[in-house]
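The values are calculated or read from the model by the stated rules, or taken from the named source; none is laboratory data. No experiment lies behind these values; they were computed from the predicted model shown. Backbone-built Cβ (ideal geometry, glycine too); neighbour counts: all protein chains shown. Calculation scope for accessible area: heavy atoms of the full protein, side chains included, ligands and nucleic acids excluded. Shrake-Rupley method; radii C 1.70, N 1.55, O 1.52, S 1.80 Å.
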Amino acid sequence: MNIIVSACLLGINSRYDGDSCNSEGVKALLKRHNLIPVCPEQLGGMSTPRYPSEISAGSGTVKNRHGEDVTLFFMKGAEEALRIAHLYGCKYAILKSKSPSCGHGLIYDGTFSGKLIEGNGLCTQMFINDGIKVYTENDEFLLK
Ligand code: SF4
């Protein structure tokens, strides 16, 4: 099965700080599935490293730590990631938890204080709206 996956979970150094969020559990799925790595923020044209960003609660806009509105980069990246998901016929995605692009169920609240609120990242929401089933690296049942 083709599954679209946040690139950072596969050890790609795509994170805002130039690091990855390597997950051996997710990588182990390579034995059984084709994992397609995407980083929506890079696909949207953002540099790596880059300033961390969060969705401003209630507004739907994404701002970086310096208050710059980066929503358009995030939207473009989500659209490109969805294009790749379609290209490979992906019905499932495994996306990095808490990220303003890839988070599922919980994201940071936009105050850069570490506080989590209910919500999805922009890319996650676009995938869900398109009918793609989204999991995170923490959905252990998936990783067994
Ligand atoms: S946008 Fe998604 S794939 Fe890219 S570094 Fe952030 S969590 Fe990982």
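Being within 12 Å of the ligand (Cβ to nearest atom) and touching a strand residue (DSSP E or B) at 6+ places or on another chain (Cβ under 6 Å) holds for only one residue in 6, 23, 99, and it is 6.
For segment 2-15, check the following and say yes or no: at least one residue is part of a strand (DSSP E or B) and over 13 Å from residue 96 (Cα atoms).
If we filter segment 2-15 for residues that are part of a strand (DSSP E or B), which is where we start, we get 2-6.
Add one more test, that the residue is over 13 Å from residue 96 (Cα atoms), and what stays is 2-3.
Yes, segment 2-15 has at least one match.
Inside segment 59-144, counting only helices (runs of 4 or more DSSP H) that do not spill past its ends, which hold 2 or more residues that are touching a Gly at 6+ places or on another chain (Cβ under 8 Å) and modelled with pLDDT of 95 or more? Qualifying helices (runs of 4 or more DSSP H): 71-87, 122-129. Close contacts from segment 30-53, counting a first residue that is part of a loop (DSSP other than H, G, I, E, B) and a second that is surrounded by fewer than 19 Cβ atoms within 10 Å (Cβ to Cβ) and of a type in the set (Gly, Ala, Ser), with Cβ to Cβ under 7 Å and a gap of 6+ residues or different chains, come to 48/18; 49/18. List every residue pair whose Cβ atoms sit under 6 Å apart, with the two residues 6 or more apart in sequence or on different chains, where the first one lies in segment 1-27 and is open to solvent by 70 Å² or more (accessible area, probe 1.4 Å) and the second, anywhere, is in a helix (DSSP H, G or I) and within 10 Å of the ligand (Cβ to nearest atom). Filtered contacts from segment 1-27: 15/8.
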